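See below for the structure under consideration.
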Amino acid sequence: MKNFILAFLAIFILGCAGVEPKIAVNSTQAIFITPKKDEKIIYANFKNTAGVENQSLTTYVLNEFANAGFTPTSDPQNANYVVLGDILSFTRSGVRDYDYNGFMSMGVGRRSRFFGFGMMIPIDDTYSDRYFYTMKVSVLIKQKNAEEKSTILSLKTANNTRSYDYVLPLFQNRIAKQIVGFFYNF
């Protein structure tokens, strides 16, 4: 019996665990860069004209490049690749959904949603809030002895109930992975 109760509690707790929101990324321009093995020095700097608090996109991008075998530098003159960017916007939009299960009914009649006699008793909040976040980031990649490449990355989450502080690092990580993904290592 103890094992059954422990198994039930484990399944219940795992069922209540949150799932990270899915993030969709769109790019206005496809970028393909094939770096040479001896030319993997990178400089990155991102501005924040949107005024996003606690953003550290430059750090995320440099860490992701370091994981991919690039060497970060603090001087753009010494870099083979210069990645510049700007956070253009970061917004949260809310959707209020009517919760059909938010009422209890009591009385006599058929047991279906809109039939029967009695009165409806509201339970707390009869609406549920969902949010989706969107972010736009401009990216410019300068390569020595090659033309500049630029794009605007648009990110959007699916409907979720997460907070700003939870979603922002996920966005920054996804942007960093997308920018490093422009570089093809063969």
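Couple of notes before you dig in:
- Evaluation of Thr58 against (1) part of a loop (DSSP other than H, G, I, E, B); (2) at pLDDT 90 or above (one fails), failing number: (1)
- Counted residues, the stretch 100-130 - those being part of a loop (DSSP other than H, G, I, E, B) and either in contact with a Gly (Cβ under 9 Å, 6 or more places away or on another chain) or modelled with pLDDT of 90 or more (or both): 12
- Residues that are surrounded by fewer than 18 Cβ atoms within 10 Å (Cβ to Cβ), touching a Ser or Thr at 6+ places or on another chain (Cβ under 9 Å) and among the hydroxyl-bearing types (Ser, Thr, Tyr) within the stretch 141-186 comprise Ser150, Ser154, Thr161, Tyr184, listed in sequence order.
- Phe186 under 30 Å from Asn45 (Cα atoms) and modelled with pLDDT under 65: yes
- Number of positions in the stretch 131-168 that are closer than 19 Å to Ala79 by Cβ, not in a strand (DSSP E or B) and not basic (Lys, Arg): 4
The values are calculated or read from the model by the stated rules, or taken from the named source; none is laboratory data. Since we're looking at a predicted model, the values are computed, not measured. Positions of Cβ are generated from backbone atoms using ideal geometry, with glycine treated the same way; all protein chains shown enter the neighbour counts.
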